[in-house]
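Report on the following structure.
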Amino acid sequence: MRSKIVAGNWKMNKNLAETEALVIELEAKLPNTDAEVMVSPTFVNLASAVSKLQGSKIKVIAQNMHNAESGAYTGEISADMLLNIGIDTVILGHSERRAYFGETDEILATKVKAALAKNMQIMFCFGEELNDRKSDNHFKVVESQLRNALFDLDPSAWSSIILAYEPVWAIGTGETASPEQAQEMHAFIRKTIANAFNNEIAENVSILYGGSVKPGNAKEIFSKPDVDGGLIGGAALVADDFVAIINGI
Ligand code: PGA
């Protein structure tokens, strides 16, 4: 049975005091839910968030990591460093990493393998750009992003993978894919995984939707059968909004 998940990607927002205040407020307001709830503050505030959320149901996850074990990679963070502060889940392939930091499918394939080698859980993000959708290439683009980074993995790796479909045109734009567009793509993703691996893997992988999810649209998007939750950017920065989104699942 796949899990329902609501995750907040805080991106480059919230200083230390703000991070601590937000996690404390979230913990206090967290509704009773079957969903897994995750938050992803920036690297420098991860350890503090972990410590504030000791014993909480809210899990702290990282926004990125490097593929090397250690060494001369100025400015980078390794899997071991994350594990050492109690983080076992990492977002990889976010469209902002792809667009602004040159992360290609090939680089992401190495990061995925590095995280799996350390028994980390991966939240793998992918999604088409507006041009791809306008030219009716969105299914092809999504399939190739999945194939290039994930399809040569051992089938056993899939128990450590969460997928997050995030159409680039919907991220931070206020424009959301309609629940029907999300469902159509999520069903396609599941079918693509079933073809590449098997039905069991496809049925058990959680596929989150991301892109301008808000309290007002979360419930309808989450009600679709192949949408297992959301990766939330802007609305995850306000406790009441994030809680309202969790309540939508
Ligand atoms: P958004 O971001 O909710 O602000 O559109 C989603 C994301 O980038 O994960």
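The values are calculated or read from the model by the stated rules, or taken from the named source; none is laboratory data. The structure presented is a predicted model; accordingly, all values stated were derived computationally and were not measured. Cβ sites come from the backbone with ideal geometry, for glycine too, and all protein chains shown count toward neighbours. We work out accessible area using only protein heavy atoms, side chains counted, and drop any ligands, DNA or RNA first. Shrake-Rupley method; radii C 1.70, N 1.55, O 1.52, S 1.80 Å.
So if I average 1/r over every pair of distinct C-alpha atoms in the chain and take the inverse, what Kirkwood radius in Å does that give? Write down the numbers at each step before the final one.
On the way: mean 1/r = 0.0554 Å⁻¹.
It is 18.0 Å.
Given 140/191; 134/224; 29/52; 29/59; 14/52, which pairs have Cα atoms separated by over 18 Å?
134/224
Taking only the alpha-carbon atoms of the range 78-167, what semi-axes of the equivalent ellipsoid follow from 5 times the gyration tensor eigenvalues under a square root, in whole Å, largest first? Walk me through the intermediate numbers first.
Working: eigenvalues 122, 40, 21 Å².
So the equivalent ellipsoid measures 25, 14, 10 Å along its semi-axes.
With the full set of protein chains in place, find how many percent of the accessible area of the range 1-116 is carbon and sulfur; take the probe as 1.4 Å.
53
What is the pair-distance distribution P(r) of the range 1-90, computed from all Cα-Cα distances in 5 Å bins starting at 0, with each bin given as a whole percent?
2, 14, 25, 23, 18, 10, 5, 2, 1
Which order do the peptides 54-67, 206-219 come out in when sorted by mean C-beta neighbours inside 10 angstrom, highest first?
Most protected by this proxy first, the peptides run 206-219, 54-67.
Within the accessible area of the range 158-197, what % is carbon and sulfur when the probe is 1.4 Å and the other protein chains stay in place?
For the range 158-197, the apolar C and S fraction of the accessible surface comes to 47 percent.
Over the chain, give the accessible area per residue in Å² for a 1.4 Å probe, as an integer.
44
If r is the Cβ-Cβ distance from residue 34 to residue 119 and R0 is 25 Å, what FRET efficiency results, to the nearest 0.05?
Working from the Cβ atoms, E equals 0.50.
What share of all Cα pairs of the range 152-248, in percent, falls into each consecutive 10 Å distance bin?
P(r) over the range 152-248, rounded to whole percents: 17, 46, 27, 10, 0.
Given +1 on the Cβ of Lys and Arg, -1 on the Cβ of Asp and Glu, and no further charges, what dipole in debye does the chain carry about its Cα centre, rounded to the nearest 20?
Around 200 debye, computed over the chain.
Rounded to the nearest 500, what is the 222 nm mean residue ellipticity of the chain from helices alone, with -39500 (n - 2.57) per DSSP H run of 4+ residues and division by all residues?
It comes out at -12000 deg cm²/dmol, rounded to the nearest 500.
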